[in-house]
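Engineer: Here it is, the structure, as structure tokens.
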């Protein structure tokens, strides 16, 4: 009798363990990718700028800007209100330079009780002619979660910036961007 109870208890524990492992495997992320694109436009909300002398007395303009605007995309995590925070360093004579910063997009309107699709990413880029920006974006998207990687381009005119992430306008090259989820090991 005691042996039967022990066998039944052992079988029950083994069945529970197998069910738990199967459930955990079903919940595990599956690898996937999706091409994405977004267009954006923003206006400088706050800017500070200074100059410094580089090697050989070459002057550089260092500008920190917070840009606020909108992003349009069929991918809801990239669409909505957009805040770009950038720091650019540009050779005053040649217009060549670099830029680093962040991208944060949020939905314009959200219903109560729903998750908030959004994206947060780091930006790096080169600047040509003091107005043409080409670079890389790398970050995370949320609701549902994933990773964002891609190319972006923009044109700066006065206090506005207009550009694309993962598309070919306003300035070619062939930009591409994806959202992906890992899962293969």
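The values are calculated or read from the model by the stated rules, or taken from the named source; none is laboratory data. Owing to the predicted nature of the structure, the values given are computational and were not obtained by experimental measurement. Note: ideal-geometry Cβ built from the backbone for every residue, glycine included; neighbour counts use all protein chains shown.
Engineer: Which numbered condition in (1) modelled with pLDDT of 95 or more; (2) within 14 Å of the chain's Cα centre (by Cα); (3) surrounded by 15 or more Cβ atoms within 10 Å (Cβ to Cβ) is the only one that residue 165 fails?
Structural biologist: Unmet for residue 165, out of (1) modelled with pLDDT of 95 or more; (2) within 14 Å of the chain's Cα centre (by Cα); (3) surrounded by 15 or more Cβ atoms within 10 Å (Cβ to Cβ): (1).
Engineer: Any chance the range 17-34 includes a residue that's modelled with pLDDT under 95, in a strand (DSSP E or B), within 24 Å of residue 100 (Cα to Cα) and in contact with a strand residue (DSSP E or B) (Cβ under 7 Å, 6 or more places away or on another chain)?
Structural biologist: Initial filter on the range 17-34 (modelled with pLDDT under 95): 17-34.
Still in the running and in a strand (DSSP E or B): 32-34.
Now restrict to residues that are within 24 Å of residue 100 (Cα to Cα): none.
No - not one qualifying residue is present in the range 17-34.
Engineer: Something else: Do we have residue 77 as touching a strand residue (DSSP E or B) at 6+ places or on another chain (Cβ under 9 Å), touching a residue at least 60 places away in the same chain (Cβ under 8 Å) and within 18 Å of residue 143 (Cβ to Cβ) here? Write out each step before concluding.
Structural biologist: Working: touching a strand residue (DSSP E or B) at 6+ places or on another chain (Cβ under 9 Å): yes; touching a residue at least 60 places away in the same chain (Cβ under 8 Å): yes; within 18 Å of residue 143 (Cβ to Cβ): yes.
The answer is yes for residue 77.
Engineer: For residue 58, work out the one condition from (1) modelled with pLDDT of 65 or more; (2) surrounded by 10 or more Cβ atoms within 10 Å (Cβ to Cβ); (3) under 33 Å from the mean Cα position of the chain (by Cα) it doesn't fulfil.
Structural biologist: With respect to (1) modelled with pLDDT of 65 or more; (2) surrounded by 10 or more Cβ atoms within 10 Å (Cβ to Cβ); (3) under 33 Å from the mean Cα position of the chain (by Cα), residue 58 is out only on (3).
Engineer: For the range 59-74, name all the residues that are closer than 20 Å to residue 145 by Cβ and touching a strand residue (DSSP E or B) at 6+ places or on another chain (Cβ under 7 Å).
Structural biologist: Kept after step one, since they are closer than 20 Å to residue 145 by Cβ, are these residues of the range 59-74: 71, 73-74.
Within the range 59-74, 71, 73 qualify.
Engineer: In the range 128-146, what residues are outside any strand (DSSP E or B) and over 17 Å from residue 63 (Cα atoms)?
Structural biologist: Looking only at the range 128-146, we keep the residues that are outside any strand (DSSP E or B), and these are 129-131, 143-145.
143, 144, 145 - these are the residues of the range 128-146 that are outside any strand (DSSP E or B) and over 17 Å from residue 63 (Cα atoms).
Engineer: Which residue, of 81, 77, 85, is outside any strand (DSSP E or B), assigned by TED's automatic domain parsing to the domain that holds residue 102 and surrounded by 12 or more Cβ atoms within 10 Å (Cβ to Cβ)? Reasoning before the result, please.
Structural biologist: Details: 81 fails: outside any strand (DSSP E or B); 85 fails: outside any strand (DSSP E or B).
None of the other options fit; the residue is 77.
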